[in-house]
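Right, one structure below, let's go through it.
The values are calculated or read from the model by the stated rules, or taken from the named source; none is laboratory data. Not measured: the values here are computed from a predicted model. Virtual Cβ from ideal backbone geometry, glycine too; neighbours counted across all protein chains shown.
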Amino acid sequence: MIEQVFREEHGRAVAVLVRVFGDVDVAEEAVQDAFAEAVRRWPEHGAPPSPAGWIITTARNKAIDRLRREAARAGKQAEAVLMTATRPVEVHSVRDERLRLIFTCCHPALGMQARVALTLRLLGGLSTAEIARAFLVPEKTMAQRLVRAKGKIRDAKIPYRVPEAEELPGRLSAVLAVVYLVFNQGYGGSEELAVEAVRLGRVLKELMPDEPEVLGLLALMLLVESRRTARRRDGELVLLDRQDRGLWDRGLVEEGRDLVRRCLEIDRPGPYQIQAAINAVHSSGGDTRWDQILRLYDQLMAVAPSPVVALNRAVAVAEVEGGRGRAGVGGSARPRAVLLVPCDSC
């Protein structure tokens, strides 16, 4: 019970406390203290009716107690923070708090590794040791990165806010890149990271339901994640055209395809939406429609060209050209192609 609440509510609670106290470290430590208190109390007294509200209120009180103890040493600055912090917190009015925290973690002033680590730490609630294992670095090294990143947020006075409308496209792309990087890191090794990336994608969808690239990224991750069980056999990688489709998670497939259809309705295509559409075609029943996939790769080359995209397009061309005059495009007699592709198509 407590572990589930931690995964679901840690980022939300930290986000609220950052707004209240204006300090990432104070917020994070207070939330950790609140969950420690929950571990002591809930097994004996039972979980409260609103676990999220209990955690946020308890964390706020613990932070206030800590600041009061330090006020004599810190002087007027701590007193000013206390005056703000003692105002009532609207526990249920937190729709935008996580969004503000996501954009703070993914600010362009921070390096990409710092953005990823902070996102996992503050929004995902992963421990420093878990993040260090995922990125194959010593825990001490990751701890130093996190301290430096939070220090930069404080010293550079990086604003805790959602960007203005004119800033959003550039800043949102950084956020999506971080979430997708977390997913790729997990899909290549740590399943927990992949699951966490999907959860963050769902949070973004909840907070920005009309942003098509948010929907596209979530759709892409769901469609790729649906094939996890079929992707390996006896420890070896199984390419897409050889996978047992009966092992695919049809619930994730349908959810991803529904999101792709929603993106088509919005009609503002972007790289994540196009990649999701490619995966949706791969995930359809029956023979693969390589003519559709080729058109989508043409579109992807126009908006986000790269050597990997060009290689995948070449595979699609070979499938289309090879299928003509035989069983038709995508027919059963088409020649086999070696799909040298990244995780978004394998």
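Closer than 25 Å to R231 by Cβ and exposed (fewer than 13 other Cβ atoms within 10 Å of the Cβ), is that true of L136? Criteria met by L136. Residues that are under 26 Å from the mean Cα position of the chain (by Cα) and not in a helix (DSSP H, G or I) were ranked within segment 20-64; the one that is surrounded by the most Cβ atoms within 10 Å (Cβ to Cβ) is D23.
Comparison of V309, V317, V338 shows that the only residue that is under 25 Å from the mean Cα position of the chain (by Cα) and either outside any helix (DSSP H, G or I) or at pLDDT 90 or above (or both) is V309.
Restricting A47, A13, A59, A34 to residues that are touching a Ser or Thr at 6+ places or on another chain (Cβ under 6 Å) and either in contact (Cβ under 8 Å) with a residue 24 or more places away in the chain or on the phi < 0 side of the Ramachandran plot (or both) narrows the list to A34. Being among the acidic types (D, E) and closer than 24 Å to V5 by Cα: is that true of E130 here? Answer is yes for this residue. For segment 144-169, taking the residues that are among the small types (G, A, S) and without any contact (Cβ under 8 Å) to a residue 24 or more places away in the chain, the one that is surrounded by the most Cβ atoms within 10 Å (Cβ to Cβ) is identified as G151. Reported count of residues in segment 284-305, each being of a type in the set (S, T, Y) and modelled with pLDDT under 90, is 2.
Every residue in segment 124-175 that is within 18 Å of V14 (Cα to Cα) and aromatic (F, W, Y), please. Y160, the sole residue that qualifies. Restrict the check to segment 148-167 and report whether at least one residue is modelled with pLDDT under 85 and either in a helix (DSSP H, G or I) or outside the structural domain of L120 (by TED's automatic domain parsing) (or both). No: zero hits.
Summed over segment 271-301, residues that are touching a Gly at 6+ places or on another chain (Cβ under 6 Å) and closer than 15 Å to L220 by Cα total 3.
Taken as a whole, the condition of being under 25 Å from L101 (Cα atoms), outside any strand (DSSP E or B), in contact (Cβ under 8 Å) with a residue 40 or more places away in the chain and not aromatic (F, W, Y) does not apply to A280. Which condition number does G216 fail, the rest of (1) small (G, A, S); (2) modelled with pLDDT under 85; (3) more than 18 Å from M112 (Cα to Cα) being met? Here G216 clears every test but (2).
Every residue in segment 204-238 that is surrounded by fewer than 15 Cβ atoms within 10 Å (Cβ to Cβ) and in a loop (DSSP other than H, G, I, E, B), please.
If we filter segment 204-238 for residues that are surrounded by fewer than 15 Cβ atoms within 10 Å (Cβ to Cβ), which is where we start, we get 206, 209-210, 229, 232-237.
P209, D210, D234, G235, listed by residue number.
Restricting attention to segment 122-142, the residues that are in contact (Cβ under 8 Å) with a residue 40 or more places away in the chain and either of a type in the set (F, W, Y) or farther than 19 Å from R202 by Cβ (or both) total 4.
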